[in-house]
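Notes for the one structure printed next.
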Amino acid sequence: KQEVTQIPAALSVPEGENLVLNCSFTDSAIYNLQWFRQDPGKGLTSLLLIQSSQREQTSGRLNASLDKSSGRSTLYIAASQPGDSATYLCAFFNTNAGKSTFGDGTTLTVKP
Amino acid sequence: GAVVSQHPSRVICKSGTSVKIECRSLDFQATTMFWYRQFPKQSLMLMATSNEGSKATYEQGVEKDKFLINHASLTLSTLTVASAHPEDSSFYICSASRASSYNEQFFGPGTRLTVL
């Protein structure tokens, strides 16, 4: 059974700082990985998708990596802004079985 | 592209009533749709997976007679919470995937259900 852990649960940084969010998992079988952000009371916004055969994806100030050997994924946010404040979730999707496992999220606060 | 909508966005109902939530893929055909539930300060939990024209597959612990899922077309899935009770109050989110996108899921905005 896949278990996904996100550490830390909460993070507060000053504006402009580069930061890394961590996601660890126990099962490196065929999975796609997605990083999402969720604003309070809102749905999910997909940030990056890393397919099972890939190791990294970049979009603007965001970079996500996937290392199956170590069971880790990281989301790197460059030059953080107050608008980045949200909860960030990583999720693994078993493409064969349609199963998914979400982490509990990291709540990020970027202070002006 | 790949927009998923949900309706309603918020619903408040009395205990014992049934509530229907719609999930639509607006600009693509969704071969598979997923329904999730999220309790406050908790992560999403998959409730069921549905493929168009077939019965939904429910996760362990989810009552299929309580949470009725109909995936009638490639753009519409509905979740009906039958005889809702206060413990069913939650945030319900659907997602949809299309065969051509390596099973990437696109999420709807969610529906906040409050049962009084």
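The values are calculated or read from the model by the stated rules, or taken from the named source; none is laboratory data. The structure presented is a predicted model; accordingly, all values stated were derived computationally and were not measured. Every residue, glycine among them, receives a Cβ derived from its backbone with ideal geometry; neighbour counts consider all protein chains shown. Protein only, heavy atoms only, side chains kept; ligands, DNA and RNA dropped before computing areas. Shrake-Rupley method; radii C 1.70, N 1.55, O 1.52, S 1.80 Å.
The lone criterion from (1) without any contact (Cβ under 8 Å) to a residue 12 or more places away in the chain; (2) over 25 Å from B:Tyr92 (Cα atoms); (3) among the hydroxyl-bearing types (Ser, Thr, Tyr) left unmet by A:Ser12 is number (1).
This table checks each residue for (1) closer than 15 Å to B:Leu44 by Cα; (2) open to solvent by 20 Å² or more (accessible area, probe 1.4 Å).
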position	(1), (2)
A:Glu17	no, yes
A:Ser69	no, yes
A:Phe93	yes, no
A:Thr101	yes, yes
A:Val110	no, no
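Residue-level check: of (1) within 13 Å of chain B (Cβ to nearest Cβ); (2) open to solvent by less than 50 Å² (accessible area, probe 1.4 Å); (3) not in a loop (DSSP other than H, G, I, E, B), A:Ser52 misses just (3). Filter the stretch B:61-113 down to the residues that are over 14 Å from the mean Cα position of the chain (by Cα) and within 12 Å of chain A (Cβ to nearest Cβ) and list them by number. Scanning the stretch B:61-113 gives B:Ala99, B:Ser101, B:Tyr102, B:Asn103, B:Glu104. Is it fair to say A:Ser80 is in contact (Cβ under 8 Å) with a residue 12 or more places away in the chain, open to solvent by less than 40 Å² (accessible area, probe 1.4 Å), assigned to a loop (DSSP other than H, G, I, E, B) and touching a strand residue (DSSP E or B) at 6+ places or on another chain (Cβ under 7 Å)? Taking the combined requirement at face value, the residue satisfies it. Taken over the stretch B:54-84, the criterion of being open to solvent by 70 Å² or more (accessible area, probe 1.4 Å) and of a type outside the set (A, V, I, L, M) is satisfied by B:Lys55, B:Thr57, B:Gln60, B:Gly61, B:Glu63, B:Lys64, B:Asp65, B:Asn70.
Of the residues making up the stretch B:35-44, those that are surrounded by 13 or more Cβ atoms within 10 Å (Cβ to Cβ) and either hydrophobic (A, V, I, L, M, F, W, C) or away from chain A (no Cβ under 14 Å) (or both) number 2.
Just one of the listed residues (A:Thr87, A:Thr26, A:Thr5) is closer than 30 Å to B:Ser5 by Cα, of a type in the set (Val, Ile, Thr) and open to solvent by 50 Å² or more (accessible area, probe 1.4 Å), and it is A:Thr5. Residues in the stretch A:29-49 that are among the small types (Gly, Ala, Ser) and either buried (at least 16 other Cβ atoms within 10 Å of the Cβ) or within 12 Å of another protein chain (Cβ to nearest Cβ) (or both): A:Gly41, A:Gly43, A:Ser46.
In this entry, A:Gly83 passes the filter for residues that are at pLDDT 90 or above and either more than 14 Å from chain B (Cβ to nearest Cβ) or over 30 Å from B:Ser9 (Cβ atoms) (or both). Look at (1) more than 10 Å from every other protein chain (Cβ to nearest Cβ); (2) closer than 17 Å to B:Pro109 by Cα; (3) part of a loop (DSSP other than H, G, I, E, B) and you find that B:Met47 fails only one, number (3). Residue pairs whose Cβ atoms lie under 8 Å apart, sitting 6 or more positions apart in sequence or on different chains, and linking a residue in the stretch B:69-93 that is under 21 Å from B:Lys14 (Cβ atoms) to a partner that is open to solvent by less than 30 Å² (accessible area, probe 1.4 Å) and of a type in the set (Gly, Ala, Ser), are B:Phe91/B:Gly110; B:Tyr92/B:Gly110.
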